[in-house]
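The values are calculated or read from the model by the stated rules, or taken from the named source; none is laboratory data. Bear in mind that the values here come from a model prediction, so they are computed numbers and not experimental data. When we count neighbours, we look across all protein chains shown, and the Cβ atoms used for this are built from the backbone with ideal geometry, even at glycine.
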Amino acid sequence: MTEQSLERDRTAFAGAAGANPAEVGASTDAALVHETGLEVEVRSQWTYARRRFMRHRLAVVSLVILIIIFTAGFTAPWIAPYSFEGYDINNLEVGPTLSGGHVFGTDLLGRDYFSRVLFGIRTSIHVAFIVTILAVAIGTAIGMVAGYYSRWADNLLMRFTDLILTLPALAVLLTAAAFLGHGSQYRVAVIVSLLLWTLLARIVRGQFLSLREKEYIDAAKAAGSGDLRIMFRHMLPNCMGPIVVFATLTLGGAILLESYLSYLGFGVQPPTPALGKLIADGQDVSSHDWWLVTFPGLTIVLIVLCINFVGDGLRDALDPTQRVRA
Amino acid sequence: MLTYILRRLLYSLVVLIAASFLVFTMVSAAGDPMSELRLNPLISEETLQRQAEEKHLNDPIPVRYVYWVKEAVTDKFGTPLFVNEPIWDDLKRVIPHTLALVLAAELISLLIGVSIGIYSAIKQYSVFDYAATTFSFLGFAMPVFWLALMLQIAVTNLFLAWHVRIFYTSGLSSPDPGTGLHWLLDRAQHLAIPVLVLCVLNMAVYSRFMRASLLEVVNTDYVRTARAKGLTEQRVTMRHAVRNALIPVVTLAALNFGALIGGAIITEQIFQLDGMGNYFIQNLFSQDVYPIMAWLMITAIAIIIFNLIADILYGVLDPRVRYD
């Protein structure tokens, strides 16, 4: 079944039932199959999305790499060969070797950089996940209100995002981090997320503005649904595609921003290792101990690259109308 | 056209005032600007009191805002806490340095990025296109500071190995830069690597955007008409497609200016350039709110001006934009 005909069917069902097309599509299909006795596999929108995603090979490979890296990060305390503070006095400033046990080398104090990078990943993704959850929650909520109630809430949101664009994001972030106090992972995460929600708010607002005009919303209203029910049951599920894509890309952006903050010394404070901080530590001796800068940096590049590929695959899978002919 | 420009100008002014209020409340609400000074045992309670009086720190925030605006306008942002050198003297020194860095990066990356984007779109799915895509995905994923450090390491090690000095990786100029052309060459040798770092990031943005924009235009009816008229392929692309695809790039370039200044904060820090970014970080560490607010206002003004120029250019480039 092609996308267009599927969409037509969904609206037809929705028009008849006057309810949310996303769920009706699936359940009515199932009912039909049952009545006619035709053995057709039930396919929901998510099944189609998963199939489209699986066709994007680079995204699938990236997802596998990400899962490996994230698991390694989360389980760092158990799987890291050394502790992040442990000194190996016999191996000061050792270059990266496969045989000696220090895969990423050691620093001036003999600390194993592979272990430190693992713990750094742990900190970075910890912060990035909190940032993403917060930014998505704030952005969705504000976008919903602006798109559904429109008028003044909408105006306020648009003017506010205009205003935020007049200041360099990094400068605002650094100022906030310097004056509001940095240090705890949660504080850093809250500060970063306060800057990242605006784009999603604009996206959700746009979706809501167009969804509001759909017939099934009128039907839901006529059936006596309240505003909240319409927003959460009927409109929000239809914006899940863009929201999931945005959440993925925010995760990557948050990892980058966190690395900037910790590199400049305004992020999570030592002794907790963060990827940006590891690079800053290696910087002073970088001309001869190149590995101290290279490996944490490559880790960031690999993580963000994979996240962006996964985001690309998700966009193709969940948001086929938004697809750029690429 | 004139009313359009005037109206944009007026709107910019409103945005500027709102931005100044945002900057002031954000920094002021964050905490006591003198908390660092209070920890200093060498500063007496009386001096602190006098300073607080002088800067009106005991008043409510809206009142302080009015005083601050007055000082900013009449006295060019006044002085920092406890240092009697005007903020403007420092800013006057660092702004041209950053402007040279940022403008050079913006121009070069626009030129190269747009060219890459056009060629990628024309030769869609070619080896070049895939290479450009890979490059820009890497550009998006790379932290600016890491790229800067890697280049610094590479250039330093090249020098250590072969003793050839083509580029410098620290400072704005040599101790004895000479005059005229020599001075210019010396400055270029110092700025080349920082500009390159900023360019890599920007080129990724511009080339992707230009490629998408051109691919969209290529499928429009008027391009098909131009082809049907029998125009050469080159004329169709350059005259009809590219010109229209360029229009949204103008807006992007203006919006991107803020990101470029953010990048300058990092590169100046790493390459020890005496520019605005370096000045900003220094004052963040000393926690002095007045230079920070002045800095944020200057960048806000710069970004607003760039957006204004973009809006006007948009009108010039796209005759369909109505001015009323």
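Here are some notes:
- B:G315 under 12 Å from the mean Cα position of the chain (by Cα), closer than 30 Å to B:T3 by Cβ and assigned to a helix (DSSP H, G or I): no
- Looking only at residues of the range B:251-264 that are at pLDDT 85 or above and more than 9 Å from the chain's Cα centre (by Cα), we find that the one that is farthest from the other protein chains (Cβ to nearest Cβ) is B:A253.
- One residue stands out in the range B:265-284 among those that are facing chain A (nearest Cβ under 8 Å) and touching a Gly at 6+ places or on another chain (Cβ under 8 Å): the one that is nearest to B:I304 (Cα to Cα), namely B:I265.
- Scanning the range B:172-214 for residues that are aliphatic (A, V, I, L, M) and over 30 Å from B:G262 (Cα atoms) gives a single hit, B:L181.
- Scanning the range A:277-298 for residues that are within 9 Å of chain B (Cβ to nearest Cβ), in contact with a helix residue (DSSP H, G or I) (Cβ under 7 Å, 6 or more places away or on another chain) and not β-branched (V, I, T) turns up A:A280, A:G282, A:Q283, A:S286, A:S287, A:W290, A:P296, A:G297.
- Residue match in the range A:304-318 (condition: without any contact (Cβ under 8 Å) to a residue 12 or more places away in the chain and either in the same structural domain as A:R122 (by TED's automatic domain parsing) or in contact with a Phe, Trp or Tyr (Cβ under 9 Å, 6 or more places away or on another chain) (or both)): no
- Per-region count, the range A:158-176, residues part of a helix (DSSP H, G or I) and within 22 Å of the chain's Cα centre (by Cα): 7
- The number of residues in the range B:86-131 that are away from chain A (no Cβ under 12 Å) and under 29 Å from B:I303 (Cβ atoms) comes to 31.
- Applying the criterion of being touching a Ser or Thr at 6+ places or on another chain (Cβ under 9 Å) and assigned to a loop (DSSP other than H, G, I, E, B) to the residues of the range B:257-293, the residue that is surrounded by the fewest Cβ atoms within 10 Å (Cβ to Cβ) is B:Q272.
- Just one of the listed residues (B:L196, B:L214, B:L201) is under 30 Å from B:L147 (Cβ atoms), modelled with pLDDT of 90 or more and within 14 Å of chain A (Cβ to nearest Cβ), and it is B:L214.
- Any hit, the range B:228-238, residues being within 14 Å of chain A (Cβ to nearest Cβ) and either surrounded by fewer than 22 Cβ atoms within 10 Å (Cβ to Cβ) or of a type in the set (S, T, Y) (or both): no
- Filter result for the condition that a residue is more than 14 Å from chain A (Cβ to nearest Cβ), among the β-branched types (V, I, T) and surrounded by fewer than 18 Cβ atoms within 10 Å (Cβ to Cβ), over B:V63, B:V14: B:V63
- For the range A:252-276, taking the residues that are away from every other protein chain (no Cβ under 11 Å) and within 13 Å of A:T299 (Cβ to Cβ), the one that is surrounded by the most Cβ atoms within 10 Å (Cβ to Cβ) is identified as A:A274.
- Candidate set from the range B:153-165 (those that are more than 7 Å from every other protein chain (Cβ to nearest Cβ) and not hydrophobic (A, V, I, L, M, F, W, C)); member that is surrounded by the fewest Cβ atoms within 10 Å (Cβ to Cβ): B:H163
- Matching option when the condition is under 16 Å from A:Y113 (Cβ atoms), out of contact with any Pro (no Cβ under 8 Å at 6 or more places or on another chain) and in contact (Cβ under 8 Å) with a residue 12 or more places away in the chain, among A:T248, A:T294, A:T299: A:T299
- Any hit, the range B:188-198, residues being farther than 22 Å from B:N278 by Cβ, out of contact with any strand residue (DSSP E or B) (no Cβ under 8 Å at 6 or more places or on another chain) and among the aliphatic types (A, V, I, L, M): no
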